[in-house]
Amino acid sequence: MIEVKELYKAYGDKIAINGLSFTVSDEIYGLLGPNGSGKTTLMRILAGITKPTRGKVLVEGIDVAENPLKVKEIVGYIPETPVLYESLTPGELFDFVGKIRKIPGEELEERVNRLVKAFGIENYMDQFIGTLSFGTKQKVSVISALLHNPRVLLLDESMNGLDAKSARIFRELLFEFKKEGKSIIFSTHILPLAEMICDRIGVIYRGKLVAEGSVEELKERAHEESLEEVFLKLTESKEEVFEIIQALKL
């Protein structure tokens, strides 16, 4: 379970997170918002990487601010852009992650083999990560985050760069993780994807949670027929989009 209570984060005079409160439990929770709305800042706080200005975050009952290392033990975090040791090979990286996570040797080997085969990177295991394509790096990032079988997953645009087959495999894995009782927060700009996999959705705008509920609940409240229209309406973008399109026609 993830509990966010009156969370604030400021960078000088700029407020990135402005009083967020929500709970995620045994579900896939979609996090939607325009660029600069605070999604990545929130993810970094939940992962114990960034400290909040005030408020509280509990991950599986653990206060992130008080015990970030303990939180990191149970969380799998995939950032928007892969952050990897580019002078290592994927094989060396997975071995390093396994040692840090204290995964027994035979268990680590079995998990690595299964995930490497699933995401089709067998032929890249001995190549330096720095020489790999963005999509292959993303697969390495995904595998690294899943190796320790985390109880909580924080996915920040984690489908970016994945080919259709790998994206489908990852989606099916998320459904299996949910069945196992894991809590998953999934941030994405791909609205059809959010509509496809998320049990509930939270829409963040200017650091605030402006709406929350299932896709059908959000459509009903906003009196719209698609998640895209709901999103544009809630983020005050609908009229702006119309004006831009009209201007482009001139």
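Of the residues in the range 108-115, not one is charged (D, E, K, R) and not in a helix (DSSP H, G or I).
Within the range 69-84, not a single residue is polar (S, T, N, Q), out of contact with any His (no Cβ under 6 Å at 6 or more places or on another chain) and at pLDDT 90 or above. Of all the residues in the range 133-166, those that are free of Cβ contacts under 8 Å to residues at least 24 places away in the same chain and buried (at least 16 other Cβ atoms within 10 Å of the Cβ) number 1. Taken together, the residues in the range 142-173 that are farther than 16 Å from Gly30 by Cα and polar (S, T, N, Q) amount to 3. Every test in (1) in contact with a strand residue (DSSP E or B) (Cβ under 9 Å, 6 or more places away or on another chain); (2) of a type in the set (Lys, Arg); (3) surrounded by fewer than 16 Cβ atoms within 10 Å (Cβ to Cβ) is passed by Lys179 save one, and that test is (1).
One residue alone among Lys5, Lys39 is under 10 Å from Ile185 (Cβ atoms) and out of contact with any Phe, Trp or Tyr (no Cβ under 8 Å at 6 or more places or on another chain), and that residue is Lys39. I'd like to check something: does the range 153-170 contain any residue that is more than 20 Å from Gly33 (Cα to Cα) and part of a strand (DSSP E or B)? No, because not a single residue in the range 153-170 is more than 20 Å from Gly33 (Cα to Cα) and part of a strand (DSSP E or B). Taking residues in the range 72-99 that are under 15 Å from Ile121 (Cα atoms), and partners anywhere that are assigned to a helix (DSSP H, G or I) and hydroxyl-bearing (Ser, Thr, Tyr), the pairs with Cβ atoms closer than 9 Å and at least 6 places apart or on different chains are Thr89/Tyr124; Pro90/Tyr124; Pro90/Thr136; Pro90/Ser144; Leu93/Ser144; Phe94/Ser144.
Candidates are the residues of the range 180-233 that are in a loop (DSSP other than H, G, I, E, B) and of a type in the set (Val, Ile, Thr); the one that is modelled with the lowest pLDDT is Ile190. For the range 91-104, does any single residue satisfy the condition of being in contact with an Asp or Glu (Cβ under 8 Å, 6 or more places away or on another chain) and modelled with pLDDT of 95 or more? Yes; the residues of the range 91-104 include at least one that is in contact with an Asp or Glu (Cβ under 8 Å, 6 or more places away or on another chain) and modelled with pLDDT of 95 or more.
The values are calculated or read from the model by the stated rules, or taken from the named source; none is laboratory data. No experiment lies behind these values; they were computed from the predicted model shown. Heads up, the Cβs are rebuilt from the backbone with ideal geometry, glycines too, and the neighbour counts pull from every protein chain shown.
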